[in-house]
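**Student:** Below are the structure tokens for one structure; questions will follow.
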Amino acid sequence: MTSKKQHIIRVVELFAGVGGFRIGLEGASDAYETIWNNQWEPSTVQQDASLVYKARFGPQGHSNIDINKVETKNIPDHDLLVGGFPCQDYSVASTLSKSGGITGQKGVLWWQIYRILHEKGDKRPNYVFLENVDRLLGSPAKQRGRDFAIILASLSDLGYTVEWRVINAAEYGMPQRRIRTYIVGYLEESAIYKKIEDLANWVLYDGVMAKAFPLEPKSKTASFFNIEGSISNVSDNFNKGKKSTPFGDTGIINNRQVYTVDSNPVYDGTYMTLGGNLINENLIPEEFFISNEDLPRWQYEKGSKKINRVSKKGHKYVFSEGAMTFPDSLDRPSRTIITGEGGAGASRFKHVVQTPSGKHRRLTPIELERLNMFPDNHTFHPDVSDGRRAFLMGNALVCGVVRDVGKSMYRFIYEKEPISSRPIEMQRESEPKLQLNLFTEEKTVFVNNTRKKVYSLDYNKHVLIGFVKPDTQDYFLDRGSTKIYYTGKTKSFPSTVALNKLYYFMPYIKGKGIRDLYLIRIARIGNKAEIHKESNDRDPRLVFELEFLESLPEYVPIKLNIFNTYRDTLLGRIMRDDI
């Protein structure tokens, strides 16, 4: 790094997803500055991850183009290249024997990382920091460890010394039992490279990963070996005919020489749990609760099974699986979030918790974000559904792991303690409030509905019931055709209410209940001074622009269950009078 760039580490983020690497690095030090990022999801029209990334971090430096089509000359020079390169071809979502490994459709995206590093030439970054699934070390099934050997040999040939570590985030106090392989490389002549002396000591005691995540080696698991031959020869012959991978869960490569060992974590700090990241059940939207009618289906999916089956070739066999903890334990870190976590359908792999009142429910998008150590509502976007938000978290990483590696790298580069003005929150509120800084522009519009000339009520649409203060009751009692409803200041509005789902609004009149039904034409962020200029009240609030539809025959008394001010429910529940 040049002196002009001292204490600024320019970052390029590939396969950026919703920005887990960026959050982790920014949580480590203000020195990390993401100057360019790329996120492209093939075979999908709506680019949800890209939408979220731009909403949180802004459009500057963001690329939503297939990385195969991005020319290296259009990627700015940088100091650190990061990315969780796609791993679907050899992830736990499919059996290892069926996975395509690095030659599969998405595995080949590794070569885009290699291409960029290679084409940068003498301007290639000093450091790389990559993430992948743990089974990368043994992929593919027919040639154990070949894929990882290709990656290590490729980086070594480019001049990097590379260390890796398989880390279970929960074993270092984080709230999810997510196991991933983290790869960190140091280019020759970089500040960190110059500090490496003995490979084994670096991995076990002295290095970046060892300082971030202390370990102890397992007895009789250490080995040294060389990865020999061209990359083509490595692909054809590495470990051929062997039943197990030669790579332990910890290791390093320098000039094609590998030191590797299996290890146990060493950690004596506090532990975060699933229960410690849950939201008060009074704020949970109703669709996340499991009805008594549906509960047996969930219990069946979570239970042990022995099922007689017949293969395609006519062979009879017994499919069996053991029982899972149901509901999930609140005093432990969560299980790994998978991409299929969203949706109301019963599933063996989705999380289910039991509330203090005894009800069972699924996890909300905010809670899934917390288990990956993202900020609350990080994946919120008016055009992204709850199911897709869950999918995005199933693809994400635990930001705390990136943060701790980022801190360690900073210490080695600058030999001083890192400081961050954007630390990752460790304690989360059970009653989270809407944070305005989620939105890059105050004029964000969450809802934009148009009333049809001939309309019919949709009982499956969400209706927000909002308390009307005494000084504005007359305004809502006159049944005018259009109204504006201001919430309290946005920092006091519950962030569990999915604003992009809202369609109807009903004002709650104290001592009476609800009667009048409005269409929410627009829901946005604004302030009272827009209309009442004399008030000089410019504090940001949620603003609902309403159009009157019709009234119930009489007032219906209800309970406002969110801060005693709001209720988010379905219109059908009001019309059936069972609230």
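Read the figures in this text as sums done on the coordinates, not as results from a lab. Everything quoted here is computed from the prediction, not taken from an experiment. Neighbour counts are summed over all protein chains in view; Cβ atoms, including those assigned to glycine, are modelled from backbone coordinates with ideal geometry.
**Student:** For a quick size check, give me the Cα extents of segment 436-575 along its three principal axes, largest first, whole Å.
**Tutor:** If we take the Cα atoms of segment 436-575, the spans are 39, 30, 28 Å.
**Student:** Suppose we keep just the DSSP beta bridges with both residues in the chain; what percent of those would be antiparallel, to 5?
**Tutor:** Numbers: 73 of 95 bridges.
Bridges in the chain that DSSP calls antiparallel: roughly 75 percent.
**Student:** Please report, largest first and rounded to whole Å, the three semi-axes of the ellipsoid equivalent to segment 275-363, where each semi-axis is the square root of five times an eigenvalue of the C-alpha gyration tensor.
**Tutor:** Numbers: eigenvalues 179, 37, 28 Å².
Semi-axes from the Cα gyration tensor: 30, 14, 12 Å.
**Student:** Going by C-beta contacts inside 10 Å, put 111, 298 in order with the fewest on the left.
**Tutor:** On the way: 111 15, 298 20.
Listed from fewest to most nearby Cβ atoms, that is 111, 298.
**Student:** Rounded to the nearest 500, what is the 222 nm mean residue ellipticity of the chain from helices alone, with -39500 (n - 2.57) per DSSP H run of 4+ residues and division by all residues? Please report the intermediate quantities before stating the final value.
**Tutor:** Working: 12 runs with 104 residues, N = 579.
Rounded to the nearest 500, it is -5000 deg cm²/dmol.
**Student:** Turning to a different aspect of this structure: Hey, if you put +1 on the Cβ of every Lys and Arg and -1 on every Asp and Glu Cβ in the chain, which of 238, 493, 503 ends up farthest toward the positive end of that dipole?
**Tutor:** Toward the positive end, the furthest listed residue is 238.
**Student:** About its Cα centre, how strong a charge dipole does the chain have in debye, to the nearest 20, once Lys and Arg get +1 and Asp and Glu get -1 at the Cβ? Mind dumping the intermediate values first?
**Tutor:** Values: 80 positive and 69 negative charges, 299 e Å.
It works out to roughly 1440 debye.
**Student:** Which of 171, 293 comes first, and how do the rest follow, when ranked by fewest Cβ neighbours within 10 Å? Walk me through the numbers on the way to the answer.
**Tutor:** Working: 171 17, 293 7.
Ranked by crowding around the Cβ, least crowded first: 293, 171.
**Student:** For residue 242, which lysines qualify as cross-link partners when the Cα separation must be under 24 Å and same-chain residues fewer than eight apart are set aside?
**Tutor:** Excluding near neighbours in sequence, the set is 98, 142, 218, 220.
**Student:** Label 7 Å along Cα→Cβ of residue 295; segment 355-391 residues with amide nitrogen under 18 Å?
**Tutor:** So the set is 355-363.
**Student:** Also, quick follow-up: Quick one: how many lysine pairs in segment 275-363 have C-alpha atoms under 28 angstrom apart, if they're 8 or more apart or on different chains?
**Tutor:** The number of close lysine pairs in segment 275-363 is 11.
**Student:** What order do you get for 22, 348, 576, 180 when you list them from fewest to most C-beta neighbours inside 10 Å?
**Tutor:** Numbers: 22 24, 348 15, 576 10, 180 20.
With the sparsest Cβ surroundings first, the list reads 576, 348, 180, 22.
**Student:** Still on this structure, I have one more. For residue 120, list the lysines whose Cα falls under 22 Å from its own Cα; do not include residues on the same chain fewer than 8 positions away.
**Tutor:** 4, 5, 69, 73, 194
**Student:** Tell me, what is the FRET efficiency for residue 236 and residue 308 to the nearest 0.05, using R0 = 41 angstrom and their Cβ-Cβ distance as r? Walk me through the numbers before you get to the answer.
**Tutor:** Working: r = 42 Å, r/R0 = 1.03.
Efficiency, rounded to the nearest 0.05: 0.45.
**Student:** Which aspartates and glutamates have a Cα less than 13 Å from the Cα of residue 489, not counting those fewer than 8 places away in the same chain?
**Tutor:** Residue 489 reaches 537, 539.
**Student:** Can you figure out the FRET efficiency of residue 431 with residue 510, using R₀ = 25 Å and their beta-carbon distance, to the nearest 0.05? Before the final figure, lay out the partial values.
**Tutor:** Values: r = 22 Å, r/R0 = 0.88.
The calculated FRET efficiency here is 0.70.
**Student:** Separate question: For labels at residue 243 and residue 255 in the simple 7 Å Cα→Cβ model, what's the distance in nm?
**Tutor:** It is 3.6 nm.
**Student:** While we're on this one: Hey, with R₀ at 35 Å, roughly what FRET efficiency would residue 461 and residue 325 work out to, going by the Cβ-Cβ distance, to 0.05? Can you show the working numbers first?
**Tutor:** Values: r = 36 Å, r/R0 = 1.02.
It comes out at approximately 0.45.
**Student:** Between residue 332 and residue 43, what is the label-to-label distance in nm when each label sits 7 Å out along the Cα-to-Cβ direction?
**Tutor:** 3.5
**Student:** Roughly speaking, what is the stretch gain from residue 71 to residue 273, that is 0.36 nm per residue apart minus the C-alpha to C-alpha distance, in nm to one decimal?
**Tutor:** On the way: separation 202, 0.36 × 202 = 72.72 nm, distance 4.37 nm.
My answer for the length gained is 68.4 nm.
**Student:** Moving on. Would you kindly give the portion of the calculated P(r) for the chain that falls above 39 Å, as a percent of all Cα pairs? Walk me through the intermediate numbers first.
**Tutor:** On the way: 60632 of 167331 pairs.
Everything past 39 Å amounts to 36 percent.
**Student:** Ranked highest first by the average count of other Cβ atoms within 10 Å around their residues, in what order do 423-435, 270-282 fall? Can you show the working numbers first?
**Tutor:** Numbers: 423-435: 14.6, 270-282: 17.8.
Averaged packing, sorted descending, gives the order 270-282, 423-435.
**Student:** Which one, 396, 187, 125, is farthest towards the positive end of the dipole of the chain when Lys and Arg carry +1 and Asp and Glu -1 on their Cβ?
**Tutor:** 396
**Student:** Which order do the peptides 451-460, 209-218 take when ranked by the mean count of other beta-carbon atoms within 10 Å per residue, highest first?
**Tutor:** Working: 451-460: 9.1, 209-218: 18.4.
Highest-to-lowest ranking by the protection proxy: 209-218, 451-460.
**Student:** Listed highest first by mean packing, meaning other Cβ atoms within 10 Å per residue, what order do 56-63, 313-320, 514-521, 404-411 come in?
**Tutor:** Details: 56-63: 15.8, 313-320: 8.0, 514-521: 20.1, 404-411: 23.5.
Packing proxy ranking, top to bottom: 404-411, 514-521, 56-63, 313-320.
**Student:** Within segment 504-532, which residues have the backbone N less than 17 Å from the label spot 7 Å out from residue 448 along Cα→beta-carbon, could you tell me?
**Tutor:** Residues 520-526 qualify, since their backbone N sits under 17 Å from the label point.
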